[in-house]
Structures are given as C-alpha cells and as structure tokens.
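Peer 1: Structure below; questions to follow.
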Amino acid sequence: MKPLLTAGVVVPLLLTSALAAERGADGVVSIMNWQAPSMLNPYLSGSDNDTIPASLVLEPLAGYDEKGGLFPRLAADIPTIENGGVSKDLKSITWTLKPGLKWSDGTPVSAKDVVFTANYCMDAKGGCAQLARFQGVDKVEPLEDLTVKVTFKEPTAVPYTLFVSASSPIIQAKQFADCLGAKAPTCTEANFYPVGTGPFVVTNFKPSDAVQLKANPNYRDSNKPAVTEVNYKGGGDALGAARAVLQTGEYDYALNMQLAPDVLSKMEKAGKGKVLSSYGTWVETLFINLTDPSPSLPPEERSTAKHPHPILSDVRVRTALSMALDRARLSEIGYGSMGKPTCDWIPAPANFAAGNTECLKQDIPGALKLLEEAGWKPGTDGIREKDGKKLKLTFVTTTNSIRNQFQAIIKQWWHEIGVEVELKSLDTSVLFGSDSSSPDTSSKFYVDVQMWTNYASGTDLGSYVESYTCGKAPRPDTQWEGWNVPRYCDANYDALVTELGNTADIKKRGEIVKKLNTMLTDSYAIMPMVWRANVSATSNTLGGTVMNAWDSELWNAQDWNRKK
C-alpha cells in the first residue's frame, strides 16, 4: 500500500440495474436496523444508529468504497499532491465541489456551506461528536464559490479527515444558521429533518422508532435513485430483523445481524434472502470506566477526571479482569466463523495491525494472584474486599442475544476471581442516544463496564487513534460528546498521536499506530475481545447492494434497484 497522498485515487464502479431505471421506478424499499435512530445529525451523535440512516440524506465531500479506497461524492475529485490539491508542505488541502449541486430544497450548494460545517463542528460549545476529525485545523475558507481551502496548523500527512466519510457530511448553512454552539442540540427540526444532497429526503421521523424518506427530486443524477421511498425501521432485536428479511420477506435489508452463524444459515434456507458479510475494524470490546460514576458526586463531577475510579483506577484490577476472559471461547460461542479472538482494537488493515496475542490465553490463577497483590482479599461470601469495600461492578450493554450471553459468561468468570457483577442491558437508542440529559448514554458512562463494538471509518487510522487522547474524554463542557469513553489519559499516547500527524510514510504510520494500539490495550482501559465481521441480510429481489465495512453500509443506496 502507498501513502494516500501519493497514490492514485480509485473511483469505484457502482453496481446498477441491468436495465437503466428511471428515478423512482422501483417502488419502496424497507430497511430494518434493530439499533433505532435518535436523530439524523452525525455531528451530534457519532453512533451508527444515527449516522447510517443520516447517510441517505447528508453527504461528505468524499467517501470510502467497499475496498477502503477514497472516491469523490460532492467533490469534483480527490485532492492530491500530484494534482495540486494538497500543498507540498502538507499544510493545506483544497477541495472543489462538483458544479450544479443542489440541496434537496432546490437551492445551490456552495463553498459557504462547507465552511459553515467546519465552524459548526469546531465551535467549542457545540459538543461536536466528530471534533477529532477537525483536530489541527487552523482555518477553513472559501476561495471561490465552489472551492474551499483547509489550512492546518502543522504539516498534516493525511488530510482526509474532515468532510470525508458519512460521519463528517456537509450540512446546509441556511438550515443550521441559528444552531451554532450551545444551541446545536436544541435545533430539533434541523437535527431530525436535515436538508441534504443525498438520494433521499426525510418525510417523517420518529425518534427511537422509524424514518420515512422519499427520492430527492434534486439529486444530481436524474435517473437515480431508482427507489421511490425508503421505510427505515428501528428497534426490536437482531433476530427479528433477520427473520423479516430472510424468512418472511417483509423487509428488503437488515443491518448488523449480530446473531450466531448457524441461526442465520438456517434462516437463509427459506430462500427469501441471503447473508452478506465483510471484515473491517469491528471489534467487540469491554470499556472500563477509569473515573468514579458514583451518584453521590455532583453531576458536573460524576464520571470525570476529577474523581478516579475507587476500584478500576488500579491497573492490577483491570489486568485481572482481562486475564479471566477466554476470548477464543467467546468468539466461538457468539460468532463462529464470522469472528476471531483478538487482543487488538485495531485488527486491520494489515499495515496497522499489531498482531498481539498475549491476552488470548485465559489465566484464572494469574488473575487471582494479581488481585491478592492489589490488596483485594476474599470475604466470607467469596467476594473480594478491600478497606471495607466490596469488589462489585455494574456491567451494561445493549439488549442483544449474543451480548447478553457474553455478559452472563463474563459474569461467571469474574465471579470465579471474586468479583461481584450486576448486569444491565439497555435499548441501543438509549445507550447510544443523543440526549445529553439522559443518565444512561455510553458517553455519560455512569456504570463501571460497558460492552459494544467500535470501529474506524476509512483505511487510515489517524482520527480513530486520536479519539483516545486526553482531550477527547466526554465531560459536561463538551455536552458529554467524545469517543474516549474510558476517560483514558496518557501524555505519551498524546505525543505519539501528534507524531503520527506529522508522519507521511505509510510504513512509519503503521508502526506508530501499532504502538498506540498496544499502549491502549496494555492499559486495560479497553479490552478487545472479538474481531467480528460486519453481517447484514438482503432480499433476493434487491439489486445493487454492496457491503462496505469502511463507511456507511448504505453508501451506494442511490444504486439500489429491484432485480428485473
């Protein structure tokens, strides 16, 4: 692989119907995602349940195809050093919009919208969930009506972060003009019904339930989308979603089929649809709270760096919890051939994968010894105690058969080493919800341990590793936004991320990312367990679907069609 800045840009050939379809000729497509959307603004919610349906409406300047290659969406091309779009000193990138682009309301798209989007996310009071993508940006300015220049404070080896992928789309300046800073979460109409450039327009939105969309009459390709309407249903569970596509045929597409392979295989035999899968960077992970979530603390200090966790701030305890896990067993039980046990939170691409294996062997005796050394002694009930405090943890995840099974198994292993565990499961629309007043969101982290899947968009991991720098921890002054959920903070880690930002050579970037991966996993602030395939289901009557583990799974919905 060559550096993104010097390699030729691959533009994917998207699949289309064998017969050229007219816009809206193929009727309604129904999509089911058991992770229901809470809003349609990726800048206020970085969760899949929101960014995926939003990608049907909002688009970035560029995206990633199914092979991880960059291709232009709203941009006329991908800026590189060769074409003059990226400066030789690596301190700026200049984007040019396609001519004639229109918003779904018929007004023209201009460089002013791109600049506004940057200002919207970079506002310190806005709590932007994608702020890591704008790290190091000095200014974003319009050069001409269709040209935008991004200037960085320092040389930036890989400038394809802001405005790239479904997580960083362009929003309309006119619609969001009064939604800057602290006002951002209050703009319900804009956050639920964004005006976009994508193939579809929102006609009805019910938070934590469903989205109805229709074909965008101003979409740039007059023959697309072939689909008239999209019915996007959230809620329920993965089993029900799979059944609706593979057995009953009520739905055309279902996302995130987190089910055992044998269950999916049996459903496929009904002949209504097929299972799709691809490996990206999806890793089922335990996230450990390094701060105190006690409700006795003031709300503005609870689960913040002001108060270290009374139990889990000791790395010996965290290490013991990891040693008690049998990752291979979990992978086999939950995912079979569609999962691989892992110690790495970055398992791909190969150039960035550290290939650590030390955590794969379960070591109960070793875990017991560590807890003894840390001063945690068995009580009369078998639960360990220290200074009169029980070793008790609250462990939360989403309501899902595999995850809830994992919870029960992990609880048993941790009980073997003297840890009492209280299990909780929440609907995805709650755990990954965008309501900053809710006590149950993953970013608030008012419990001790969480379990879910995280992944990177795109094949360069710069902004992904940056999400664990000290400043990216959620806290009250960021509206609880930020992906550093464990509140991990290490000055050496931050310094290495800065070095990565100044490194262009792809081999050297890979070595730095491997070090960052190992630093974080050796802290046991996160505990990667299973590298899982992204699995979905599609109807046999739906054409054009192409799995994409590097961007929104609905990345080419404009090309979906009914098989003739």
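Peer 1: I want to check the label-to-label distance for ASP494 and GLU422. Put each point 7 Å from Cα in the C-beta direction and report it in nm to one decimal.
Peer 2: 3.4 nm
Peer 1: Would you calculate the convex hull of the Cα atoms in region 447-564 and tell me its volume per residue in Å³?
Peer 2: 166 Å³
Peer 1: Below 29 Å Cα-Cα, how many Lys pairs turn up in region 402-541? Only count pairs eight or more apart in sequence, or on different chains, if you could.
Peer 2: 12
Peer 1: How far, in degrees from 0 to 90, does helix 491-501 lean away from the longest principal axis of the Cα atoms of the chain, to the nearest 10?
Peer 2: Helix 491-501 and the main axis of the chain meet at about 20 degrees.
Peer 1: How far apart, in nanometres, would the label points at ASP105 and GLU372 be if each is projected 7 angstrom from Cα along the Cα-to-Cβ direction?
Peer 2: Going from the ASP105 label point to the GLU372 one covers 6.9 nm.
Peer 1: Still on this structure: Hey, can you grab everything whose amide H is under 5 Å from the amide H of ARG562? Only 5+ residues off in sequence or another chain; H modelled, so Pro and N-termini drop out.
Peer 2: It is GLY543, by chain and number.
Peer 1: Moving on. Tell me the Kirkwood hydrodynamic radius of region 368-442 in angstroms, computed as one over the mean inverse distance between distinct C-alpha pairs.
Peer 2: By the Kirkwood definition, the hydrodynamic radius is 13.9 Å.
Peer 1: Same structure again: Where q = 0.14, 0.16, 0.18, 0.20 Å⁻¹, what log10 of I(q)/I(0) comes from the Debye formula for region 400-507, counting one point per Cα?
Peer 2: Ignoring solvent entirely, the Cα scatterers give -0.74, -0.90, -1.03, -1.12.
Peer 1: If you average the alpha carbon positions of region 245-268 and of region 385-440, how far apart do those two centres end up, in angstrom?
Peer 2: Between the Cα centres of region 245-268 and region 385-440 lies a distance of 27 Å.
Peer 1: Now for a separate question. Please work out the average accessible area per residue across region 153-266, using the 1.4 Å probe convention, and give it in Å².
Peer 2: Accessible surface, normalised per residue, equals 36 Å².
Peer 1: In deg cm²/dmol and to the nearest 500, what is the mean residue ellipticity at 222 nm of the chain if only DSSP H runs of at least 4 residues count, each as -39500 (n - 2.57), divided by the residue total?
Peer 2: Helix contribution divided over all residues of the chain: -6500 deg cm²/dmol.
Peer 1: Further question on the same structure: If you split all Cα-Cα distances of region 83-230 into 5 Å bins from zero, what percentages do you get per bin, shortest first?
Peer 2: With a bin width of 5 Å, the distribution comes to 2, 9, 16, 20, 19, 16, 10, 6, 2, 0.
Peer 1: Further question: Restricting attention to region 209-287, which chymotrypsin sites (Phe, Trp or Tyr not before Pro) occupy a DSSP loop and are surrounded by at most 16 other Cβ atoms within 10 Å?
Peer 2: Listed in order of number, the matching sites are TYR279.
Peer 1: Continuing with this model, one more query. Can you pull the percent of Cα pairs in region 189-314 with separation above 21 Å? Show your work: numbers first, answer last.
Peer 2: Working: 5094 of 7875 pairs.
Counting every Cα pair in region 189-314, those more than 21 Å apart make up 65 percent.
Peer 1: Tell me, rounded to the nearest percent, the portion of alpha carbon pairs in the chain spaced more than 44 Å apart.
Peer 2: 14 percent
Peer 1: Where both partners of a DSSP beta bridge lie in the chain, what percent of those bridges are antiparallel, to the nearest 5?
Peer 2: Numbers: 57 of 76 bridges.
So the antiparallel bridges in the chain amount to around 75 percent.
Peer 1: Ignoring ligands, DNA and RNA, what percent of the 1.4 Å accessible area of the chain is carbon and sulfur?
Peer 2: Details: 10940 of 21140 Å².
Within the chain, the accessible surface is 52 percent carbon and sulfur.
Peer 1: Next question, about the same structure. On alpha-carbon atoms, Rg over Rh for region 294-342 using Kirkwood Rh?
Peer 2: Computed over Cα atoms, the ratio is 1.23.
Peer 1: Here's another thing I want to ask about it. Taking the full set of protein chains and a 1.4 angstrom probe, give the accessible area of GLU22 in square angstrom, rounded to the nearest 10.
Peer 2: Rounded to the nearest 10, the figure is 130 Å².
Peer 1: Can you divide the C-alpha Rg of region 328-417 by 2.2 N^0.38 Å and report the result to two decimal places? It would help to have the intermediate numbers written out before the result.
Peer 2: Details: Rg = 16.3 Å, N = 90, 2.2 N^0.38 = 12.2 Å.
It is 1.34.
Peer 1: Could you compute Rg(Cα) / (2.2 N^0.38 Å) for region 114-158, with N its residue count? Please list the in-between numbers first.
Peer 2: Numbers: Rg = 11.0 Å, N = 45, 2.2 N^0.38 = 9.3 Å.
With N residues counted in region 114-158, Rg over 2.2 N^0.38 Å equals 1.18.
Peer 1: Ok, one more. Tell me the per residue accessible area of region 288-438 using a 1.4 Å probe; a whole number in Å² is fine.
Peer 2: Roughly 43 Å² per residue, with all protein chains present.
Peer 1: Order HIS307, HIS415 by their accessible area, 1.4 angstrom probe, all chains in place, largest first.
Peer 2: HIS415, HIS307
The values are calculated or read from the model by the stated rules, or taken from the named source; none is laboratory data. Everything quoted here is computed from the prediction, not taken from an experiment. Glycine also receives a Cβ, built like all others from the backbone with ideal geometry; neighbour counts cover every protein chain displayed. What goes into the accessible areas is simple: the full protein's heavy atoms, side chains included, and nothing from ligands, DNA or RNA. Shrake-Rupley method; radii C 1.70, N 1.55, O 1.52, S 1.80 Å.
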